[in-house]
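These notes concern the structure reproduced below.
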Amino acid sequence: MKHNILVIGGTGKTGHRVVERLTKSGHHVTVGSRNGTPSFDWEDYSTFAPALKGMDRAYIVYYPDLAVPGAKEAITALTEAALKAGLEKVVLLSGKGETEAEACEQIVANSGLNYSLVRASWFNQNFSEGAFLDFVLAGQVALPMPNAEIPFVDADDIAEVVTKVLVDDSYNGKTITVTGPKKLTFKQVVSVMEHAIGRDVKYIPISIEEFKTGMKAAGLPDSYVWLFGYLFKEVLGNPDNQEVSHDVEKVLGRKATSFEEYAQKTLATGVWNQAIVQ
């Protein structure tokens, strides 16, 4: 059975991957974004109903993160609009180990909609498509929390899980926790990247305050600085967030992508061969 599916955040790390997989499977996909037709804007609740019109299902990614102020109100408004629009099901991308994200999960769970929750750990792709790419190119990855052991998860694994649970109603009401297959420190993942790239890339441990100061000096907005400070302190500092889950294997019937596999796959794209940032 083919569905009409709204992918909110359809141009993001997991969103564009979900769009590609759903489209390839023959589903009719609408990308929910400010530049979409119709437009979808988390800061403008009046855009929710037009974007949901005619949709059967929706993948929900809240930008920038479910931890930020206003997320609960926006998720409440969206689920109310989705229920009114008659959606069959929604899938929420949530944050593993985030108290605020779990509050948003409860809003979805109590909305009256069929739903699945997908909880994700830190993405591998932060080092190739996100905030830490410039660090890798510069050969110096300066990040806090050197002792945190993180089960980095691949965005392709998340997208594949989301694509399956969106259309498979046997996952209704379930929470799927997606992680990589093992825990790694920042020093260990940087070592993996250094080996793959074939040039010096070093990990430099710094404090959270030093990291935030650097972000401010780079001209990043206060909200972005706050968010990363929160994610380092509250999420990486949460022991529950450092546990490995085998849900990827249970849902997909294969092992989760390792960081080593991600590094080789990323190397082939050439993204790490750009001019080194000075």
Can you find a residue in region 229-243 that is within 30 Å of Ala71 (Cα to Cα), part of a helix (DSSP H, G or I), touching a Pro at 6+ places or on another chain (Cβ under 6 Å) and touching a residue at least 12 places away in the same chain (Cβ under 8 Å)?
yes
For the structure I just gave you, tell me whether Gly32 is surrounded by 22 or more Cβ atoms within 10 Å (Cβ to Cβ) and under 17 Å from Phe123 (Cβ atoms).
no
Among the numbered criteria (1) closer than 15 Å to Ile107 by Cβ; (2) in contact with a His (Cβ under 9 Å, 6 or more places away or on another chain), which single criterion is violated by Ala77?
(2)
Looking at region 211-218, is at least one residue touching a residue at least 40 places away in the same chain (Cβ under 8 Å), more than 27 Å from Val271 (Cα to Cα) and among the small types (Gly, Ala, Ser)?
no
Lys212: in contact with a Phe, Trp or Tyr (Cβ under 9 Å, 6 or more places away or on another chain) and at pLDDT below 95, yes or no?
yes
Pick out, from region 37-109, the helices (runs of 4 or more DSSP H) lying fully within it that include 2 or more residues that are closer than 30 Å to Lys233 by Cβ and of a type in the set (Gly, Ala, Ser).
71-85, 99-109
So in region 117-138, with the set limited to residues that are without any contact (Cβ under 8 Å) to a residue 60 or more places away in the chain and part of a helix (DSSP H, G or I), which one is farthest from Ser207 (Cα to Cα)?
Asn126
One residue from Lys174, Lys187, Lys183 being within 28 Å of Ala58 (Cα to Cα) and charged (D, E, K, R)
Lys174
Conditions (1) exposed (fewer than 14 other Cβ atoms within 10 Å of the Cβ); (2) under 23 Å from Ser116 (Cα atoms); (3) not β-branched (Val, Ile, Thr): number failed by Asp247
(1)
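The values are calculated or read from the model by the stated rules, or taken from the named source; none is laboratory data. Remember, predicted model here, so these are calculated numbers, not experimental data. In this analysis, Cβ positions are derived from the backbone assuming ideal geometry, glycine residues included, and neighbour counts consider all displayed protein chains.
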